[in-house]
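J.: Dumping the structure here so I can ask a few things about it.
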């Protein structure tokens with residue numbers, strides 16, 4: 001009987017708010033019997049675990065990946081990491097929910113000082 005590998009464990013992201021670059025980290029999956037782990041796939045999924053965006057197909061045997069989250073719209077998501085072994089069998093794990101918030105908020109405050117000039121304060125959040 002051939003069994004799939006043990007799933008990797010997604011360590012990061014871990015349920016917080018992220019801006020721009022997200023470092024994705026996960027533990028090594030363990031193959032069954034004589035199989036070997038061939039590669040990992042990394043996917044962004046919606047909170048209901050449906051596919052949203054392919055982050056990295058075939059991340060080799062690397063256990064991390066740095067991703068620029070500005071490629072997707074802001075929202076609440078999860079990361080799915082899938083291990084694929086030499087028999088083509090797969091196992092996966094999901095991160096906890098996290099928020100991508102790449103919208104930059106600009107606050108413009110106009111302060112007038114008489115008729116001859118205007119002072120503008122510009123703040124970025």
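A short reminder: the numbers here are calculations on the coordinates, not readings from a lab. Fair warning: this is a prediction, and the values are worked out from it, not measured in the lab. All Cβ positions, even for glycine, are placed from backbone atoms using ideal geometry, and neighbour counts span all protein chains on display.
J.: Give me the number: length gained by fully extending residue 49 to residue 68, i.e. 0.36 nm times residue separation minus the C-alpha to C-alpha distance, one decimal in nm.
T.: 4.8 nm
J.: Continuing with the same structure: Before anything else, pin down the relative contact order of the chain: Cα pairs under 8 Å, at least 6 apart, normalised by residue count, whole percent. Spell out each step's value before the answer.
T.: Values: 302 pairs, mean separation 36.8, N = 125.
Relative contact order, the chain: 29 percent.
J.: Out of all DSSP beta bridges with both ends in the chain, state the antiparallel percent to the nearest 5.
T.: Counting DSSP beta bridges with both partners in the chain, the antiparallel share is about 95 percent.
J.: Continuing with this model, one more query. What FRET efficiency, computed as 1/(1 + (r/R0)^6) with R0 = 30 Å and r the Cβ-Cβ distance, is obtained for residue 103 and residue 9, rounded to the nearest 0.05? Each step should come with its number before you reach the end.
T.: Numbers: r = 31 Å, r/R0 = 1.03.
Efficiency, from the Cβ-Cβ distance: 0.45.
J.: While we're looking at this one, here's another question. Kirkwood hydrodynamic radius for the chain: how many Å is it when counted over pairs of different Cα atoms?
T.: 16.6 Å
J.: Still on this model: Could you tell me the relative contact order of the range 8-56? Use alpha-carbon pairs under 8 Å, at least six residues apart, and round to a whole percent. Before the final figure, lay out each step's value.
T.: Values: 48 pairs, mean separation 12.5, N = 49.
It rounds to 26 percent for the range 8-56.
J.: With r defined as the distance between the Cβ atoms of residue 23 and residue 86 and R0 fixed at 35 Å, what FRET efficiency is calculated, to the nearest 0.05?
T.: Using R0 = 35 Å, I get an efficiency of 0.80.
J.: Something else about it: Which of the peptides 73-83, 92-102 is most tightly packed, and how do the rest follow, going by the mean number of other Cβ atoms within 10 Å of each residue?
T.: The packing order, highest mean first, is 73-83, 92-102.
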